[in-house]
Amino acid sequence: MNHIPVLLHEALNALCIKQDRVYLDCTFGRGGHSQAILASLGEFGRLIGLDRDPSAVSVGIELAREDPRFQIIHTAFSRLEAALNVLGIGRVEGILMDLGVSSPQLDEAYRGFSFQADGPLDMRMDPTSGESAAQWIARADTKEIAHVLWFFGEERFSRRIARAIVEARATTPIQTTAQLGKIISDAQPVIDRNKHPATRAFQAIRLHINGELTEVEQGLTAATNRLEIGGRLAVISFHSLEDRLVKLALRDASRLPRGDPRMPLPENLAKPKLRLVGKAIKAGPDEVQMNPRARSAVLRVAERTEAA
Ligand SMILES: C[S@@+](CC[C@H](N)C(=O)[O-])C[C@H]1O[C@@H](n2cnc3c(N)ncnc32)[C@H](O)[C@@H]1O
């Protein structure tokens with residue numbers, strides 16, 4: 001399945017594209033947002049795409065062949081400063097982050113993200129590095145598993161599920177999404193009719209395996225460092241943990257640090273680096289009807305100030 005870009009017009013508006021400047025799409029995916037940015041750029045504009053998923057990068061390579069204004073780099077966006085350094089780019093005029101997973105990642109069973117399509121239990125956005133979900137599930141102890149399920153999934157039966165996982169793996173290694181989905185479902189004492197019983201646990205394991213919240217925290221700091229004065233940062237998040245993190249990070253960067261009022265702040269801390277632009281934006285009913293994934297999307301926008 002292809003990926004339908006979420007809040008496309010809203011994100012594009014937020015970026016206030018200037019025709020001949022350089023932009024950064026930190027989450028290229030299948031390039032929906034990137035294509036729209038390129039359509040707004042002029043002949044001398046440039047767009048850099050990043051993605052940690054090699055299959056997204058392959059799509060980006062095709063786009064770069066067709067459009068010389070575009071380049072793609074295989075990297076996590078926490079390392080966006082290193083990527084820009086390699087390209088000899090200092091600051092950019094606008095940065096987009098469309099967080100989370102793409103539809104192909106969820107839909108292709110072999111990626112192991114979904115309890116709905118059986119596949120190998122992987123869940124890495126970048127299968128070329130780090131530990132897969134199956135490897136983690138095989139080695140983590142009950143306490144660590146319960147902590148991840150609670151902290152990243154707000155799963156109220158985290159301990160019970162963790163115990164069930166550890167008991168099950170003692171007899172058979174847990175290697176597929178269907179196996180794990182069943183163990184989690186069987187361990188749930190209460191069934192929520194509106195949600196698959198493994199939804200929270202799968203989200204939690206995915207966030208943990210990909211270090212997603214740390215990525216967002218580091219990515220936002222790096223993005224703020226590399227925005228031109230007056231440049232825009234647009235961030236789309238898809239669940240409450242992620243959105244809370246984005247909201248707090250942008251809010252903190254748009255306020256003066258609290259200190260002793262009698263002590264003057266050092267010059268580099270005397271002004272906030274960001275200014276918040278408008279309120280959080282959500283998808284309208286038409287978009288949600290056309291693309292149910294948009295239901296939970298929240299777009300937050302900030303502008304870089306002249307602070308160092
Ligand atoms: C929601 S999709 C983006 C879809 C894209 N805007 C489009 O229109 O096709 C998120 C993409 O970001 C990538 N991604 C998520 N976290 C990342 C990170 N920390 N660094 C780099 N890429 C990341 C995922 O691999 C995925 O391809």
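The values are calculated or read from the model by the stated rules, or taken from the named source; none is laboratory data. Everything numeric here is computed off the predicted structure, so don't read it as measured data. Virtual Cβ from ideal backbone geometry, glycine too; neighbours counted across all protein chains shown.
Evaluate the following for Leu96: is it under 19 Å from Ala222 (Cα atoms) and either buried (at least 18 other Cβ atoms within 10 Å of the Cβ) or within 13 Å of the ligand (Cβ to nearest atom) (or both)? Yes: the conditions hold for Leu96. Could we say that Leu207 is under 27 Å from the mean Cα position of the chain (by Cα), closer than 14 Å to Gly153 by Cα and not in a loop (DSSP other than H, G, I, E, B) here? Against the criterion (under 27 Å from the mean Cα position of the chain (by Cα), closer than 14 Å to Gly153 by Cα and not in a loop (DSSP other than H, G, I, E, B)), Leu207 qualifies.
Within segment 177-192, the set of residues being under 19 Å from Arg206 (Cβ atoms) and assigned to a helix (DSSP H, G or I) comprises Thr177, Ala178, Gln179, Leu180, Gly181, Lys182, Ile183, Ile184, Ser185, Ala187. For first residues located in segment 94-105 and within 10 Å of Pro5 (Cβ to Cβ), partners that are more than 6 Å from the ligand (Cβ to nearest atom) and among the β-branched types (Val, Ile, Thr) and lie 6+ apart or on another chain with Cβ distances below 7 Å form the pairs Asp98/Val6; Asp98/Ile236. The residue that is farthest from the ligand (Cβ to nearest atom), among those in segment 20-37 that are of a type in the set (A, V, I, L, M) and crowded, with 21+ Cβ neighbours inside 10 Å, is Val22. Take Asp122 and decide whether it is more than 16 Å from Asn210 (Cβ to Cβ) and not hydroxyl-bearing (Ser, Thr, Tyr). In short, no. Of Arg160, Arg193, which residue is basic (Lys, Arg) and modelled with pLDDT of 95 or more? Selected residue: Arg160, the only one of Arg160, Arg193 that is basic (Lys, Arg) and modelled with pLDDT of 95 or more.
Within segment 109-117, is even one residue of a type outside the set (Phe, Trp, Tyr), surrounded by fewer than 19 Cβ atoms within 10 Å (Cβ to Cβ) and outside any helix (DSSP H, G or I)? Scanning segment 109-117, I find at least one residue that is of a type outside the set (Phe, Trp, Tyr), surrounded by fewer than 19 Cβ atoms within 10 Å (Cβ to Cβ) and outside any helix (DSSP H, G or I), so the answer is yes.
Across segment 134-176, the qualifying residues are those that are part of a loop (DSSP other than H, G, I, E, B) and of a type in the set (Asp, Glu), and the one among them that is surrounded by the fewest Cβ atoms within 10 Å (Cβ to Cβ) is Asp141.
Scan segment 148-161 for residues that are in contact with a His (Cβ under 9 Å, 6 or more places away or on another chain) and farther than 24 Å from Tyr110 by Cα and the total you get is 2. Only one of the numbered conditions (1) in contact with a Cys (Cβ under 9 Å, 6 or more places away or on another chain); (2) farther than 20 Å from Asp126 by Cα; (3) of a type in the set (Asp, Glu) is not met by Asp51, and that is (2). No other residue among Ile4, Ile17 is within 18 Å of the chain's Cα centre (by Cα) and either more than 7 Å from the ligand (Cβ to nearest atom) or closer than 19 Å to Ile281 by Cα (or both) apart from Ile4.
Restricting segment 56-89 to residues that are surrounded by fewer than 17 Cβ atoms within 10 Å (Cβ to Cβ) and polar (S, T, N, Q), the residue that is nearest to the ligand (Cβ to nearest atom) is Ser58.
If Ala164 passes every condition in (1) within 16 Å of the ligand (Cβ to nearest atom); (2) of a type in the set (A, V, I, L, M); (3) over 20 Å from Phe77 (Cα atoms) but one, which one does it miss? Ala164 satisfies all of (1) within 16 Å of the ligand (Cβ to nearest atom); (2) of a type in the set (A, V, I, L, M); (3) over 20 Å from Phe77 (Cα atoms) except (1).
Could you list all residues from segment 79-108 that are farther than 25 Å from Leu245 by Cβ and either outside any helix (DSSP H, G or I) or among the hydrophobic types (A, V, I, L, M, F, W, C) (or both)? Val86, Leu87, Gly88, Ile89, Gly90, Glu108 - these are the residues of segment 79-108 that are farther than 25 Å from Leu245 by Cβ and either outside any helix (DSSP H, G or I) or among the hydrophobic types (A, V, I, L, M, F, W, C) (or both).
When the strands (runs of 3 or more DSSP E) confined to segment 1-78 are screened for residues that are closer than 28 Å to Glu108 by Cα, those reaching at least 3 such residues are found at 46-51, 70-74. Inside segment 293-308, residues that are of a type outside the set (Ser, Thr, Tyr) and more than 18 Å from the chain's Cα centre (by Cα) make up a count of 5.
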